[in-house]
Amino acid sequence: WYWQKEKREPYVKFMEANYPPGFSYEDFGPLFTAEFFDPNQWADILKASGAKYVVLTSKHHEGFTLWGSKYSWNWNAVDVGPKRDLVAELATSVRNRTGLHFGLYHSLFEWFNPLFLEDATNVFKTRKFPTSKSLPELYEIVTKYQPEIIWSDGNGNAPDTYWNSTGFLAWLYNDSPVQDTVVTNDRWGVGSICTHGGFYTCSDRYNPGHLLPHKWENCMTIDKRSWGYRRNAQLDDYLTIEDLVKQLVETVSCGGNLLMNIGPTHDGRIAVVFEERLRQMGAWLTVNGEAIYGTKPWRAQNDTVTPEVWYTFSPKEGKVSAVFLKWPVSGTLELGEPQAKLGETQVKLVGYKELLKWVALGEKGIVIALPQLTPKQLPCQWGWTLQLTGIN
């Protein structure tokens with residue numbers, strides 16, 4: 001898109017300097033080889049991350065499908081490049097080796113597809129592209145792979161009536177093989193984003209910082225600048241584990257899910273830096289998962305007195321979790337939101353066995369004495385959870 005449509009100078013120059021004259025985007029097909037793709041290894045990394053679901057990009061805006069689609073002749077991973085059904089392989093490994101829900105991302109439009117461009121020229125009064133390509137593909141992946149999430153994207157500035165989104169969704173929820181388990185997002189045509197859908201995505205890297213009245217998802221990237229793999233990325237282009245834990249607790253406190261994107265390489269690897277971030281997140285969740293999984297937003301999302309403290313609520317146990325991202329130098333943490341009750345309220349640092357001492361501050365507010373721990377004794381390295389029981 002940057003090279004062929006927008007003709008951005010750095011991209012045009014890079015292609016001229018590093019590829020033979022007349023090299024086209026289609027010539028990248030055979031160079032996508034996936035020789036190191038090991039779906040079992042991917043599944044093990046995903047499981048270790050503590051994730052509950054995974055969404056594979058089955059087709060992006062350039063139309064290349066990662067399965068042998070009948071509707072993408074000679075422009076798919078079975079006919080060209082890897083010569084493998086990558087969707088099937090990952091689906092099988094994820095289902096055999098993990099408890100993760102398997103989902104598929106699918107782009108409605110395609111940047112350079114002649115049928116789509118023709119429909120666009122006709123101001124979407126004709127529907128050649130959705131009827132011959134986009135919709136048949138959607139039915140195909142649902143029937144073939146039975147994904148539990150359909151993550152639609154790329155409306156191409158066309159209305160949902162052009163895509164027949166409501167027709168497809170009616171089938172998906174009433175007659176499809178996943179009718180009882182599937183969830184969908186909100187990108188089904190112009191005007192549907194953040195308005196219609198099982199969960200709202202609203203925009204890429206969406207993190208409102210306040211409670212929303214509808215389930216939503218923060219879909220963001222570990223590489224701050226890209227959704228794909230970049231060979232030229234520098235270390236500080238990647239979010240640190242501290243950044244990621246902050247994103248996670250802010251998102252969950254406000255009623256959202258976090259979808260952390262990684263870009264695999266053309267030869268099928270999850271780059272080591274992405275693997276490390278995923279495993280670090282899993283290590284954090286092993287300790288602090290009770291503050292995340294199965295929680296609901298509390299009456300306050302973040303603290304009014306101390307910044308970088310975020311709350312979640314576990315309805316089953318009646319517990320409030322307060323995740324604090326900075327360990328206070330004073331050794332005491334003041335929280336402005338909880339209403340503590342003498343003889344009833346208990347405060348626990350998750351991963352530390354003894355109960356903590358606390359003092360109430362009038363009607364509202366509590367000061368908690370944190371234990372004096374060496375770095376080795378800390379339950380984890382980035383972000384800690386206080387569990388409060390018996391509070392109003």
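If you take the residues of region 370-389 that are open to solvent by 30 Å² or more (accessible area, probe 1.4 Å) and hydroxyl-bearing (S, T, Y), which of them is farthest from D303 (Cα to Cα)?
Here the answer is T374.
With G68, G29 as the choices, which residue is touching a residue at least 40 places away in the same chain (Cβ under 8 Å) and open to solvent by less than 40 Å² (accessible area, probe 1.4 Å)?
Values: G68 fails: touching a residue at least 40 places away in the same chain (Cβ under 8 Å).
The match here is G29.
Quick one: which of Q381, Q372 is over 34 Å from the mean Cα position of the chain (by Cα) and not in a strand (DSSP E or B)?
Q372
When you scan region 253-273, do you find a residue that is of a type in the set (D, E), in contact (Cβ under 8 Å) with a residue 40 or more places away in the chain and touching an Asp or Glu at 6+ places or on another chain (Cβ under 8 Å), even just one?
Going through region 253-273, the residues of a type in the set (D, E) turn out to be 267.
If we keep only those that are in contact (Cβ under 8 Å) with a residue 40 or more places away in the chain too, we end up with 267.
Cutting the leftovers down to touching an Asp or Glu at 6+ places or on another chain (Cβ under 8 Å) gives us 267.
Scanning region 253-273 turns up at least one residue that is of a type in the set (D, E), in contact (Cβ under 8 Å) with a residue 40 or more places away in the chain and touching an Asp or Glu at 6+ places or on another chain (Cβ under 8 Å).
Only residues that are out of contact with any Cys (no Cβ under 9 Å at 6 or more places or on another chain) and at positive phi: list them for region 328-369, please.
Selection gives G331, G343, G362, G365.
With the requirement that a residue be hydrophobic (A, V, I, L, M, F, W, C) and either more than 25 Å from D303 (Cβ to Cβ) or outside the structural domain of W188 (by the TED database) (or both), what does region 203-252 give you?
Of the residues in region 203-252, the ones hydrophobic (A, V, I, L, M, F, W, C) are 211-212, 216, 219-220, 222, 227, 233, 235, 239, 241, 244-245, 248-249, 252.
If the condition is that a residue be hydrophobic (A, V, I, L, M, F, W, C) and either more than 25 Å from D303 (Cβ to Cβ) or outside the structural domain of W188 (by the TED database) (or both), then C219, I222, W227, A233, L235 are the ones that fit.
If the requirement is being touching a Gly at 6+ places or on another chain (Cβ under 8 Å) and within 21 Å of S134 (Cβ to Cβ), which of these qualifies: D223, D175, D186? Let's see the steps before the verdict.
Numbers: D223 fails: within 21 Å of S134 (Cβ to Cβ); D175 fails: touching a Gly at 6+ places or on another chain (Cβ under 8 Å).
It is D186.
When region 341-369 is examined, which residues are found to be of a type outside the set (G, A, S), open to solvent by less than 50 Å² (accessible area, probe 1.4 Å), assigned to a loop (DSSP other than H, G, I, E, B) and touching an Asp or Glu at 6+ places or on another chain (Cβ under 8 Å)?
V350
Suppose we filter region 40-64 for residues that are part of a loop (DSSP other than H, G, I, E, B) and out of contact with any Leu (no Cβ under 7 Å at 6 or more places or on another chain); how many remain?
5
With the requirement that a residue be on the phi > 0 side of the Ramachandran plot and in contact with a Leu (Cβ under 7 Å, 6 or more places away or on another chain), what does region 370-392 give you? Full working, then the answer.
Taking region 370-392 first, the residues on the phi > 0 side of the Ramachandran plot are 383, 390.
Within region 370-392, just G383 meets the criteria.
Of the residues P338, P328, only one is assigned to a loop (DSSP other than H, G, I, E, B), farther than 27 Å from G255 by Cβ and either open to solvent by less than 50 Å² (accessible area, probe 1.4 Å) or modelled with pLDDT of 95 or more (or both); which? Show your work before the answer.
Working: P338 fails: farther than 27 Å from G255 by Cβ.
When all the criteria are applied, what remains is P328.
Based on what the data block shows, is K59 basic (K, R), touching a residue at least 12 places away in the same chain (Cβ under 8 Å) and open to solvent by 40 Å² or more (accessible area, probe 1.4 Å)?
Values: basic (K, R): yes; touching a residue at least 12 places away in the same chain (Cβ under 8 Å): yes; open to solvent by 40 Å² or more (accessible area, probe 1.4 Å): no.
The answer is no for K59.
What residue, of A283, A322, A360, is aliphatic (A, V, I, L, M) and in the same structural domain as Y53 (by the TED database)?
On the way: A322 fails: in the same structural domain as Y53 (by the TED database); A360 fails: in the same structural domain as Y53 (by the TED database).
Every option except A283 fails the conditions.
Taking the residues in region 206-222 that are farther than 30 Å from I270 by Cα and either touching a Phe, Trp or Tyr at 6+ places or on another chain (Cβ under 6 Å) or free of Cβ contacts under 8 Å to residues at least 40 places away in the same chain (or both) as candidates, determine which candidate is most open to solvent (accessible area, probe 1.4 Å).
Selected residue: P213.
Give me the residue from region 293-325 that is open to solvent by less than 20 Å² (accessible area, probe 1.4 Å) and in contact (Cβ under 8 Å) with a residue 60 or more places away in the chain and, out of that set, farthest from the chain's Cα centre (by Cα).
Taking region 293-325 and keeping what is open to solvent by less than 20 Å² (accessible area, probe 1.4 Å), we get 300, 303, 309, 311-312, 314, 320-324.
Those still in the list that are in contact (Cβ under 8 Å) with a residue 60 or more places away in the chain too: 312, 320-324.
Numbers: T312: 19, V320: 25, S321: 23, A322: 23, V323: 21, F324: 23 Å.
Among them, the one singled out is V320.
Test W298 against the criterion of being in a loop (DSSP other than H, G, I, E, B) and out of contact with any His (no Cβ under 8 Å at 6 or more places or on another chain), and give yes or no. First the steps, then the outcome.
On the way: in a loop (DSSP other than H, G, I, E, B): yes; out of contact with any His (no Cβ under 8 Å at 6 or more places or on another chain): yes.
Here the answer is yes, as W298 does meet what is asked.
The values are calculated or read from the model by the stated rules, or taken from the named source; none is laboratory data. Small disclaimer: the values here were computed from a predicted structure and weren't measured. Neighbour counts are summed over all protein chains in view; Cβ atoms, including those assigned to glycine, are modelled from backbone coordinates with ideal geometry. Heads up: the accessible areas ignore ligands, DNA and RNA and are worked out on the full protein's heavy atoms, side chains in. Shrake-Rupley method; radii C 1.70, N 1.55, O 1.52, S 1.80 Å.
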